[in-house]
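All remarks here apply to the structure that follows.
Every number here is computed from the coordinates shown, using simple stated rules; none is lab data. Owing to the predicted nature of the structure, the values given are computational and were not obtained by experimental measurement. Neighbour counts are summed over all protein chains in view; Cβ atoms, including those assigned to glycine, are modelled from backbone coordinates with ideal geometry.
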There are 4 protein chains.
Amino acid sequence: EHVSVLGKAKQLIAAAEQKAAEIGVPMVIAVVDAGGNLVAQHRMDGALLGSISIALDKAYTALALKMSTEEVASVVAPGQPLFGLNTSNNGRFITFGGGFPLVDGGNVIGGLGVSGGTVEEDITVARAALAAY
Amino acid sequence: EHVSVLGKAKQLIAAAEQKAAEIGVPMVIAVVDAGGNLVAQHRMDGALLGSISIALDKAYTALALKMSTEEVASVVAPGQPLFGLNTSNNGRFITFGGGFPLVDGGNVIGGLGVSGGTVEEDITVARAALAAY
Amino acid sequence: EHVSVLGKAKQLIAAAEQKAAEIGVPMVIAVVDAGGNLVAQHRMDGALLGSISIALDKAYTALALKMSTEEVASVVAPGQPLFGLNTSNNGRFITFGGGFPLVDGGNVIGGLGVSGGTVEEDITVARAALAAY
Amino acid sequence: EHVSVLGKAKQLIAAAEQKAAEIGVPMVIAVVDAGGNLVAQHRMDGALLGSISIALDKAYTALALKMSTEEVASVVAPGQPLFGLNTSNNGRFITFGGGFPLVDGGNVIGGLGVSGGTVEEDITVARAALAAY
């Protein structure tokens, strides 16, 4: 049965919210489509205000570079080949974990971004969402 | 029983999505809190990309000016007292209908913005959401 | 006796706050110096969020154009010589009343901006501040 | 007795100004509310122009991340988990000391930012303000 793009994003976000509640850390969760444009974004009560743009930009980064933001982290460190990458794209690229490309049949069809806790917590919540996808 | 700020935003957005589906026009719906910060935003499949920022900015405008964006429209026309208002606030103010303040006990506690159809359709969908609030 | 630039700005703002309280309309009041840079800005409890940038930009406009923002209004109307002026200066120019240049010995030494009420209320509060200057 | 949000901000800023005068370094001091929006900002005579946006952004950063900007500094260094954080949020995050969250009853209700001297001087002045809070 057909599920809309927004419908899938809601499922991802609901799974993320459930995991975030479970670990007791309020999060912001964002989903972008293949064009890098927002599909849906939720901010849980008490989540950091700074996470609003970070979650969206993690989703954008993962879509735009077709890799997780933790993979991006490894190539932008001082001395690494893409040092300075994060100031391109009007500063939208996030270079730490919590963003993942959404892949369907081998194609990158969107991005998911989670922000609000430590990097490890953000990754945990994002992975829980992807597992439910 | 306590409903979270995000929970209330989801209710508003669900009611808006239902009305938008009913009239057959895909919409973007956004809710901001009392500080003008995003609580939740959904883009229905097929909605105009241009509506992503318009919906959010309608919500922001209604919160920041404590009036609906259709009321704003009437005071910024040429010859009216606030002609030129729309270029303030970094151009975020939207001066046509579809944005409403969220009021609770006489206090403005947030803003709702709807974009995707004609101004009349946007207002219809926003009013349906407010009625379910 | 020497009064600092900040000290004078505080006096202006205090007089504006007193008048705003008197008429029962919470306001944002801003003062910029001869370089157009912020000296002081206060937001009264309950003032419109949208007034934060408007008050500062009114002060900037009055300083930068060496005229009150109500005078600016008269020259930017459709058909008038400076129609469209408000989108210059990165959209910072405000084209309705509430901003006044601060004049000392015939020289423009700063700007005062008031926002939060109707244009008339903003002007009333700004004039009360100037009278106390 | 009730003190307004602006009233509390004035107290904080007055204490900061007194300390800054004591150590002979003119400062810019800014206070934002729980939504990250400006409550009050003062620039002392002679303070660095660059400090106007830095003070406000320090206050915003501390509010938006619920930690002091010196704590932020320790997690964004090369090799640290949040390296690159400072280019998110449209570059508004400040990653050196002088910004503190304002906490009331365990809740973060705003942010204070001080800029104008060395990082140590900024922190000294901000702590003096917080002590008087």
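For the range B:73-109, how many residues are assigned to a helix (DSSP H, G or I) and at the interface with chain C (Cβ under 10 Å from one of its Cβ atoms)? Within the range B:73-109, residues that are assigned to a helix (DSSP H, G or I) and at the interface with chain C (Cβ under 10 Å from one of its Cβ atoms) number 8.
Looking at the range C:3-28, which of its residues are outside any helix (DSSP H, G or I), farther than 16 Å from D:Glu17 by Cβ and not aliphatic (A, V, I, L, M)? Passing the criteria: C:Gly24, C:Pro26.
How about the range C:29-53: which of its residues are assigned to a helix (DSSP H, G or I), under 19 Å from C:Lys19 (Cα atoms) and of a type in the set (Gly, Ala, Ser)? Across the range C:29-53, the qualifying residue is only C:Ser51. Is at least one residue of the range B:7-29 touching a helix residue (DSSP H, G or I) at 6+ places or on another chain (Cβ under 7 Å) and under 30 Å from C:Leu56 (Cα atoms)? Within the range B:7-29, none of the residues are touching a helix residue (DSSP H, G or I) at 6+ places or on another chain (Cβ under 7 Å) and under 30 Å from C:Leu56 (Cα atoms).
Residues in the range A:110-119 that are more than 8 Å from chain D (Cβ to nearest Cβ) and in contact with a Pro (Cβ under 7 Å, 6 or more places away or on another chain): A:Gly111, A:Gly116. Just to be sure, is A:Ala64 away from chain D (no Cβ under 11 Å), surrounded by fewer than 24 Cβ atoms within 10 Å (Cβ to Cβ) and under 12 Å from the mean Cα position of the chain (by Cα)? For A:Ala64, the condition - away from chain D (no Cβ under 11 Å), surrounded by fewer than 24 Cβ atoms within 10 Å (Cβ to Cβ) and under 12 Å from the mean Cα position of the chain (by Cα) - is met. Is there a residue being surrounded by fewer than 24 Cβ atoms within 10 Å (Cβ to Cβ) and under 22 Å from D:Gly117 (Cβ atoms) anywhere in the range D:3-11? Yes.
For the range A:103-133, residues that are more than 23 Å from A:Val25 (Cα to Cα) and either surrounded by 19 or more Cβ atoms within 10 Å (Cβ to Cβ) or among the hydrophobic types (A, V, I, L, M, F, W, C) (or both) total 4.
Among residues of the range C:5-26 that are facing another protein chain (nearest Cβ under 10 Å), none has a beta-carbon under 6 Å from a residue that is assigned to a helix (DSSP H, G or I) at least six positions away or on a different chain.
The listed residues are C:Leu112, C:Leu56, and the only one of them that is within 30 Å of D:Gly36 (Cβ to Cβ), under 10 Å from the mean Cα position of the chain (by Cα), in a helix (DSSP H, G or I) and of a type in the set (A, V, I, L, M, F, W, C) turns out to be C:Leu56.
Going by the conditions given, is C:Phe93 aromatic (Phe, Trp, Tyr), buried (at least 17 other Cβ atoms within 10 Å of the Cβ) and without any contact (Cβ under 8 Å) to a residue 40 or more places away in the chain? Taking the combined requirement at face value, the residue satisfies it.
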